[in-house]
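To start, the structure under review is shown below, and the notes come after it.
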Amino acid sequence: MISLQNVHKNYGKHQVLKDISFNIEPGSIVGLLGPNGAGKTTLIRALLGLSQAQGNIEVLSMNPAHQRHKLLAEVSHVSDVAVLPGWLKAGQVVDYIEGVHPRFDRQKAMRLLEQTNVKMDKKVKQLSKGMVAQLHLSCILAIDVSLLILDEPTLGLDILYRKQFYQQLVTEFFDQQKTILISSHQIDELEHILSHAMFIKQGEVVLHQSMEEISDNFCSVTVNEAQSDLARKLQPIYEKPGLGTRGFIFEGKASPDIEALGAVVTPSISDIFTAIMQENK
Amino acid sequence: MQKYSTLVKRECWEHRTSFFTVPLLLILFVALIVAFGEINIGSFSPFGSRGNNETISIAQIVANMGSDQDSAMRLNYILYLIGLPFFCIMLLLMNSYFLGSLRDDRKDKSIYFWNSMPVSHTETVLSKLFSGLVLIPIATIIAVIVAQLLVIAIVYIRLLLNGDDASLFFGNVHIFEVWLAVGINYMAFAIGSLGMAGFLLLCSAYSLRPFLFSFLILIGLLVCEYLLTGQVNQIVMYALVKAPIVTNHMFGNGLRDAFQNSSTAGIDSINISATLSQHALSSLTKIHMWATAAFGLLLIVAAINVRKYNSSE
């Protein structure tokens, strides 16, 4: 579905994407996670043909750089900076997308919008930030495409709507033939719907694994202060202080030495993320 | 086709004031002028005045009109002249529309939303060209027609109140010929405007301050033309100003000569559409006009590519 090989991107002398290669298969929900300035948005824009990058990029068997608008008929996309124009009425947003997108389902959009407080005769500039995001996302979810790319889609939304949105994403959009690539800072809220996680750090993909692989490849143990030195000798990738305890994250399967320290659990994605991002910082 | 009509609809939603409100206000303005005001129409012969710099108001002409053929023929020209303020405002609206059309969405960042839809940059730019070059003029021409019908209605009511024979009078009012003349003049204007439209679209696609940018480029081009040819009104001014404005009668240019020529032929023999279209039709036979149009198309292609580059970087 998505295939990248040796993709580079420079802004002047600054290299924002460094030799990125990965494949994403149909039927997966991939979380693209990275700190600000890691290159997530640049990577997404390159995938959509909205930005030029060196290397081979293939999305739905198309070259995004040369077939941008053909590709966008098969892909839905919400950008973190996508601003619906203030002069447009909510109803006109629906009318516009219906007019230009061959796969837009108006009835579905209206059904989703009925669950929100968005008034169709109001201009976008008269809606709250949350309502604008609801309007945009409801319309995007009503597009029947095989690939959905979301760049910080829930930015500015309250927790209730964020949870509702992730639920809708799975119930209204996702099936085994479809793929979602989603970048977000709300890692904990996203974790339960992901099938894969991809960490990007300073323009490089530093981790791309399925949730099962992550569960197999990382383990965590919490020890009391007295055992901390023992745990450190086992070369953890991350150490998190607690109240009288210390949490350690290890890469690889739990060895007997680690198991001897205490109860071994699978760390959360956000802990693994923090660990990898701080590694060799 | 549905996509293209949606893109044009989007322009109407965004520029409702320019496209619809301004022409409606102009109709109101003309109605007020006809009813209460005065317009200096100079010494145009069809209004019965042969003296130089004599001023006659439309209201006065309408008030003085009888049911005779001469009055009816004068009314044909008045009907055409009603369009002049409309077309002058239209030109301002068009220029302002083109200058903002490829800048505004970059300025408010809504370009990220538009770019997330399956619409090519070519389709976007062409829809804006169509809206500026066809939709704004069509809205204006419809407003002109409404204003003309309003004036006819005023004259008709006046004749009825005076007990004159309105049917005899209106037998000599050739409104369809006037509309044909407007249409032909518009056609010449649209072709002549391609250079201006392309230039403004290119400035709009490139700069976030397209007004200042286009002004500076224009000055630069005029200086270059002067240094190369010793003149400043042959190439740049022709392509950007003369071709849209001077090659037709939409803005009043050449009307005086047309009227004077026709008055010498006698009012009975005047073919209104031919008189008012001659200049526009002859301009379409000139190579300059088509060279300007071709250059305009090149600038539009450049605008598409600049927009493509600007939205990807």
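The values are calculated or read from the model by the stated rules, or taken from the named source; none is laboratory data. Remember, it's a predicted structure, so these values are computed and weren't measured experimentally. A quick note on method: Cβ atoms are made from the backbone with ideal geometry, for glycine too, and the neighbour counts reach across all protein chains shown. Each accessible area value is taken on the protein alone, full model and side chains, heavy atoms only, with ligands, DNA and RNA left out. Shrake-Rupley method; radii C 1.70, N 1.55, O 1.52, S 1.80 Å.
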Solvent-accessible heavy-atom area per residue, rounded to whole Å², over the protein assembly as shown at 1.4 Å: 45
With a 1.4 Å probe and all protein chains left in place, how much of the accessible area of the range B:123-246 comes from carbon and sulfur atoms, in whole percent? 77
Quick calc: nm separation of the 7 Å Cα→Cβ label points for A:ILE193 and B:ARG256 -> 7.1
Between B:LYS109 and B:LEU281, what is the spin-label point distance in nm, taking each point 7 Å from the Cα along the Cα→C-beta axis? 5.6
Here the net charge surrounding B:THR21, from other residues whose Cβ is less than 15 Å away from its Cβ (Lys, Arg +1; Asp, Glu -1), is -1
Just to be sure I understand: if you take the accessible area of chain B alone plus chain A alone and subtract the pair, with a 1.4 Å probe, what total do you get in Å², rounded to 100? 2500
Classify the range A:1-139 as rounded, prolate or oblate from the Cα gyration tensor: take a ≥ b ≥ c as the square roots of its eigenvalues, call it rounded if a/c is under 1.5, otherwise prolate when a/b beats b/c and oblate if not. prolate
Stretched out fully, how many nm does the piece from B:ASN271 to B:PHE176 gain, at 0.36 nm a residue minus the Cα gap? 33.0 nm
List the aspartates and glutamates whose alpha-carbon lies under 13 Å from that of A:LYS233, not counting same-chain residues fewer than 8 positions away? A:ASP257
Tell me, what is the percent relative contact order of chain A, built from C-alpha pairs under 8 Å that lie six or more residues apart? 20
For A:TRP87, what accessible area in Å² do you get when you roll a 1.4 Å probe over the heavy atoms of the protein chains, rounding to the nearest 10? 50
Which of rounded, prolate or oblate describes the range B:105-253 when judged by the alpha-carbon gyration tensor and an a/c cut-off of 1.5? oblate
A drop of at least 40 square angstrom in accessible area, chain alone versus all protein chains together, probe 1.4 Å. Which residues of the range A:99-124 meet that? A:GLY99, A:VAL100
Points 7 angstrom from Cα along the Cβ direction at B:CYS88 and A:LYS163: gap in nanometres? 6.6
Between A:ARG106 and B:SER167, what FRET efficiency follows from the Cβ-Cβ distance if R0 is 56 Å, with the result rounded to 0.05? 0.60
When the chain is fully extended, how far beyond the present Cα-Cα distance does A:ASP229 get from A:GLN177, taking 0.36 nm per residue of separation? 13.9 nm
Calculate for the protein assembly as shown the 222 nm mean residue ellipticity that helices alone would give, adding -39,500 (n - 2.57) per DSSP H run of length 4 or more and normalising by residue count, nearest 500 deg cm²/dmol. -16000 deg cm²/dmol
Using Cα centres only, tell me the gap between the range B:1-18 and the range A:205-275 in whole Å. 57
Using a 7 Å offset from Cα along Cα-Cβ at A:PHE22, what residues in the range A:73-103 end up with backbone N under 19 Å from the label point? A:76-80
Calculate the mean, over all residues of peptide A:83-90, of how many other protein chain Cβ atoms lie within 10 angstrom of the residue's Cβ. 5
If you count, for every residue in A:41-52, the Cβ atoms of partner chains within 10 Å of its Cβ, what is the mean? 2
May I ask which of B:LYS3/B:LYS286; A:LYS13/A:LYS240; B:LYS9/B:LYS308; A:LYS108/B:LYS3 have a Cα-Cα span longer than 32 Å here? B:LYS3/B:LYS286; A:LYS13/A:LYS240
Considering only DSSP beta bridges where both residues belong to the protein assembly as shown, give the percentage that are antiparallel (nearest 5). 65
Furthest towards positive pole of dipole, A:HIS14, A:GLY91, A:HIS185, structure part chain A, Cβ charges: A:GLY91
How would the range A:1-72 be classified by its alpha-carbon gyration tensor: rounded, prolate or oblate, with rounded meaning a/c under 1.5 and the a/b versus b/c comparison settling the rest? oblate
Could you please tell me the mean projected area of the C-alpha convex hull for the protein assembly as shown, averaged over all directions and given in square nanometres to one decimal? 35.7
Just need the relative contact order of the range A:129-281 here, percent rounded to a whole number, with Cα pairs under 8 Å and 6+ apart. 19
If you stretched the chain out fully between B:SER5 and B:ALA153, how much longer would it get, using 0.36 nm times the residue separation minus the C-alpha to C-alpha distance? 49.8 nm
With only Lys, Arg, Asp and Glu charged, each at its Cβ (+1 for the first two, -1 for the last two), find how big the charge dipole of the protein assembly as shown is about the Cα centre; round to the nearest 20 debye. 980
Quick one: go through the range A:76-112 and flag any residue whose amide nitrogen is under 12 Å from the point 7 Å out along the Cα-to-Cβ line of A:LEU155. A:78-84
